[in-house]
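Before any comments, here is the structure.
Just so it is clear, none of the values below were taken in a lab; they were calculated from the coordinates. These numbers were taken from a predicted model, which means no experiment stands behind them. FYI the Cβ positions are ideal-geometry reconstructions off the backbone, even for glycines, and counts take in every protein chain you see.
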Amino acid sequence: VQLQASGGGLVQAGGSLRLSCAASGRTFNDYTMGWFRQAPGKEREFVAAISWSAGSTSYADSVKGRFTISRYNTKNTLYLQMNSLKPEDTAVYYCARSYSQFILTYVKAYAYWGQGTQVTVSS
């Protein structure tokens, strides 16, 4: 499985960005997908996850109500719509594929990772 994240950039506080993650391989549809982020000097942290059928989602408290995760299995694509961005959202964002069909929020539950896309929010 190969994952390619895109859509990052520089945006002012209060603005929006939409991240995309294109997946290769036929196993995209069968597993939970997630977004994580890592700011300089900090550990990688969970942002959002979506089950294989898109029937369940989970969000970190810090992004709940502002970010929306979605997936289109027919296109092997994962999205993260980010609204009302804050400077503290600045980080490299990674998409990842879990080894499970269940919603899991910890880093070690994810077997495959994209290369990351930089999101910078200016105040």
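Listed by chain and number, the lysines placed with their C-alpha closer than 18 angstrom to that of Lys64 are Lys86; residues fewer than eight positions away on the same chain are left out. Here the label points at Thr27 and Thr68, each 7 Å from Cα along the C-beta direction, are separated by 3.1 nm in the simple model. Dipole magnitude for the chain: computed about the Cα centre from +1 point charges on Lys and Arg Cβ and -1 point charges on Asp and Glu Cβ, it is near 180 debye. In a fully extended conformation the segment linking Lys86 and Val107 would gain 5.2 nm over its present Cα-Cα distance, using 0.36 nm per residue. Sparse packing (at most 11 other Cβ atoms within 10 Å of the Cβ) combined with a DSSP loop state is found for the following trypsin sites (Lys or Arg not before Pro) in the range 17-86: Arg26, Lys42, Lys64.
Amide H contacts for Val47 (H built 1.01 Å from N in the peptide plane; partners 5 or more residues away or on another chain; cut-off under 5 Å): Trp35, Phe36, Arg37.
The mean sequence separation of alpha-carbon pairs under 8 Å and at least six residues apart, normalised by the residue count of the chain, gives a relative contact order of 37 percent.
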